[in-house]
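J.: Have a look at the structure that comes next, please.
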Amino acid sequence: MWCHGDGCVIFAVAAAALLAAAAAGRDERSTYIVHMSHSAMPNDFVEHGEWYAASLQSVSDAATVLYTYDTLVHGYSTRLTRAEAEALESQPGVLLVNPEVRYELHTTRTPEFLGLDGTDALFPQSSTGSDVIIGVLDTGVWPERPSYDDTGFGPVPAGWKGKCEEGNDFNASACNKKLIGARFFLTGYEAAKGPVDVSKESRSPRDNDGHGTHTSSTAAGGAVQGADLLGYATGTAKGMAPRARVATYKVCWVGGCFSSDILKAMEVAVADGVDVLSLSLGGGTADYYRDGIAVGAFSAMERGIFVSCSAGNAGPGAATLSNGAPWITTVGAGTIDRDFPAYVMLGNGKNYTGVSLYSGKPLPTTPMPFIYAGNASNSSMGQLCMSGSLIPEKVAGKIVLCDRGTNARVQKGFVVKDAGGAGMVLANTAANGEELVADAHVLPGSGVGEKAGNAMRDYAVSDPKPTATIVFAGTKVGIQPSPVVAAFSSRGPNTVTPGVLKPDIIAPGVNILAAWSGSVGPSGLPGDSRRVGFNIISGTSMSCPHVSGLAALLRASHPEWSPAAIRSALMTTAYAEYPNGNGILDVATGHPATPLDVGAGHVDPAKAVDPGLVYDITAADYVDFLCAINYGPMQIVALTKHSSDGCSANRTYAVTALNYPSFSVMFPASGGTVKHTRTVTNVGQPGTYKVTASAAAGSTPVTVSVEPSTLSFTKAGEKQSYTVSFTAAGMPSGTNGFGRLVWSSDHHVVASPIAATWT
């Protein structure tokens, strides 16, 4: 080692510190989920729990079992050092030792917008919908809300095994014949974060956040007349499947949602007897055998349970979605035809349209002084209206223009108000573009798009005496075009398996009205003392329960359909164009969206109930898919729980053979021909279907040939297979092309999106 002067000492100290940190990292305990081979239990043990405890004791004297998993997963969760986890993974019968993942929440008029205002006519079997149970994994429930009124409901379904767990400020009597179950899971959370602070949140199924009440009532809330938020969106609020039962599983706490708790909740929900699982949360991407939600969802799917998950709110960038496993229905977000305009009028005569849910005392109609926050602060981040950043003498009595970003949107209003400001304009930056999300501001405030924000900023800093006022216009419906894709909605491609197109579909997720917690104001911020029965919020968290509720309606109408058949019906009947033939717009670009943004398109439940043909997928088909992506025996068994599942050396497996209702075509950069095979099942009347298909990358066509080009069905349940050959010239790596393949009969249109990528 060469050194000079004190360099040797400094280097030695730094090296020692690094070694100490590394050692501390190996000695620090964190939660792991241990996947065991169920059939490998030695004969010395009677119960699997005994074997699990013995395996744990072989590597750690201090560790204890947090949860035992018996159905969706075989194994247990525990707190280990990294060294102990590595030692455990080499033990006989141990398949995988996965670090716990922390998940985050992906945070009215929609029944009419979706054509569900006449549910009984569309879904003639919907009277049996009261036997369908939606399990919602989220922040709990506020059971007193009228969305959970059980008037008119018959007895709880006979096979239901769930319960209403008690805790502080939550009694078993909170459940009824509508809300038939409420549980909470925090062993993993408390192991990682310490005991729940009951002064801040209830150690019970009660929802102190609002998110869980909003999602569960969106999926299956009963009709509530006169619902509104502070006078906005007044009308009847109703969930997608108002006759379905609801069971809530609280897995999310102030510090997040932990995979050990989520897995246990999924396992309990399946054992309780849910028909649909709705999870509006996610945690990035990982191989499916390391993704707790994907692992739990596989076994749920195998038991006939439909699993719907939010795609995430990390858009509009590419490859930002989570929950991309093919046995999960992955949901993006779009707008509905309702808006809440708030007009910003500047002293130079220019007017701009923003959005707001502010309902307090309006501003004077006469113009008021207007100032850009960046010019009213000594902070380098003053333009963001961060806490304590504004100079009261400069903002008192003025409307303040704040840039969006970093801190919560409504929090900026608190900052302006505390500094003496009279109002706020919240301006999007390039990160959010022209997407407008309405907020229940605590002072007169309006959110505007990037272009309007730039113009207002220029005016505020260039005019010697800038003025402005804000006029609130209430609720407007019939907004066109709608839907448009929300900029925040996470996008494909699917980074784990690019050969499976995700998201699957989009559904309403912007400015959605649904029930809310009584513990927190509409902004969700600690300083918000307002209390409301309903709230309007946005996110793929809101679009996911729309699809969960629609799946419940389809399950009630077609109890024989598999989860894959239900998803197929939703996807192949979705629309990707407006009635005028133009493609659904992406608000992030102003251009038509692609299948990487919307999957098959926007849900159309009136058509989904009678799709004509479905693409069905069995658990065995998914195992073939796992073989195709080169998963090994232990990884496959960790997902499927069957030691017999494996890949045959005598078979050729291909992702292109997975019977998915969409096509993700992976070309080499040199181009060539790629073949996909599919099988459709007739679930309608007899008929003959003819195919049309086309795709292109810009002006460069992709040749799509289908063999056979005609399919004839004589009875329900009949299956027919076809092969699609995609041929294209060479293109630069990363190029994308898009198209659509459509089977049409006299009565049905069965459409599939095509996304082509040159790798």
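J.: Among the residues of the range 657-671, which ones are under 17 Å from Val704 (Cα atoms) and surrounded by fewer than 20 Cβ atoms within 10 Å (Cβ to Cβ)?
T.: Ala657, Met666, Pro668, Gly671
J.: Please specify each residue of the range 713-735 satisfying the condition of being open to solvent by 60 Å² or more (accessible area, probe 1.4 Å) and under 22 Å from Met571 (Cα atoms).
T.: Ala716, Lys719, Ser721
J.: With Lys690, Lys719 as the choices, which residue is within 34 Å of the chain's Cα centre (by Cα), over 15 Å from Pro753 (Cα atoms), at pLDDT 95 or above and not polar (S, T, N, Q)?
T.: Lys719
J.: Go through the range 275-352 and tell me which strands (runs of 3 or more DSSP E), entirely inside it, have 3 or more residues that are of a type in the set (Val, Ile, Thr).
T.: It comes to 329-334.
J.: Considering only residues that are basic (Lys, Arg), surrounded by 21 or more Cβ atoms within 10 Å (Cβ to Cβ) and closer than 30 Å to Leu186 by Cα, which ones fall in the range 199-242?
T.: Arg206
J.: What pairs come out if I take residues in the range 242-264 that are at positive phi and pair them with residues that are open to solvent by 10 Å² or more (accessible area, probe 1.4 Å) whose C-beta lies under 7 Å away, six or more apart or interchain?
T.: Matching pairs, first to second residue: Gly256/Arg102; Gly256/Glu104.
J.: Regarding Phe488, is this residue within 30 Å of Phe370 (Cβ to Cβ), of a type outside the set (S, T, N, Q) and in contact with a Pro (Cβ under 7 Å, 6 or more places away or on another chain)?
T.: No; evaluated as a whole, the condition is false for this residue.
J.: Let me ask you something else. Restricting the search to the range 136-175, which residues are within 22 Å of Asp275 (Cα to Cα), open to solvent by less than 20 Å² (accessible area, probe 1.4 Å) and not in a loop (DSSP other than H, G, I, E, B)?
T.: Scanning the range 136-175 gives Val136, Leu137, Asp138, Val141, Ser147, Tyr148.
Results for (1) open to solvent by 20 Å² or more (accessible area, probe 1.4 Å); (2) modelled with pLDDT of 95 or more, shown as yes or no for each residue.
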position: Leu346; (1), (2): no, yes
position: Leu357; (1), (2): no, yes
position: Gly360; (1), (2): yes, no
position: Leu384; (1), (2): no, yes
position: Ile391; (1), (2): yes, yes
position: Val400; (1), (2): no, yes
position: Asn407; (1), (2): yes, no
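J.: Moving on. For the range 589-631, what are the residues that are part of a loop (DSSP other than H, G, I, E, B) and crowded, with 23+ Cβ neighbours inside 10 Å?
T.: Matches in the range 589-631: Ala593, Gly599, Ala600, Gly601, Val603, Pro611, Gly612, Tyr615, Ile617.
J.: Of all residues being assigned to a loop (DSSP other than H, G, I, E, B) and open to solvent by 70 Å² or more (accessible area, probe 1.4 Å) in the range 40-57, which is nearest to Phe298 (Cα to Cα)? Just the residue, please. Show your work before the answer.
T.: Taking the range 40-57 first, the residues assigned to a loop (DSSP other than H, G, I, E, B) are 41-47.
Right, trim to open to solvent by 70 Å² or more (accessible area, probe 1.4 Å) and you get 43-44, 46-47.
On the way: Asn43: 29, Asp44: 31, Val46: 27, Glu47: 25 Å.
The residue in question is Glu47.
J.: Open to solvent by less than 40 Å² (accessible area, probe 1.4 Å), polar (S, T, N, Q) and outside any loop (DSSP other than H, G, I, E, B): does that describe Asn535?
T.: yes
J.: Out of everything in the range 417-433 that is surrounded by fewer than 24 Cβ atoms within 10 Å (Cβ to Cβ) and touching a strand residue (DSSP E or B) at 6+ places or on another chain (Cβ under 9 Å), what residue ends up being nearest to Ile336 (Cα to Cα)?
T.: Among residues in the range 417-433 that are surrounded by fewer than 24 Cβ atoms within 10 Å (Cβ to Cβ) and touching a strand residue (DSSP E or B) at 6+ places or on another chain (Cβ under 9 Å), the one nearest to Ile336 (Cα to Cα) is Asn432.
The values are calculated or read from the model by the stated rules, or taken from the named source; none is laboratory data. Owing to the predicted nature of the structure, the values given are computational and were not obtained by experimental measurement. Counting neighbours? That spans all protein chains shown, and the Cβs are built from the backbone with ideal geometry, glycine included. Side chains are part of the model used for accessible areas, which takes the heavy atoms of the whole protein and leaves out ligands, DNA and RNA. Shrake-Rupley method; radii C 1.70, N 1.55, O 1.52, S 1.80 Å.
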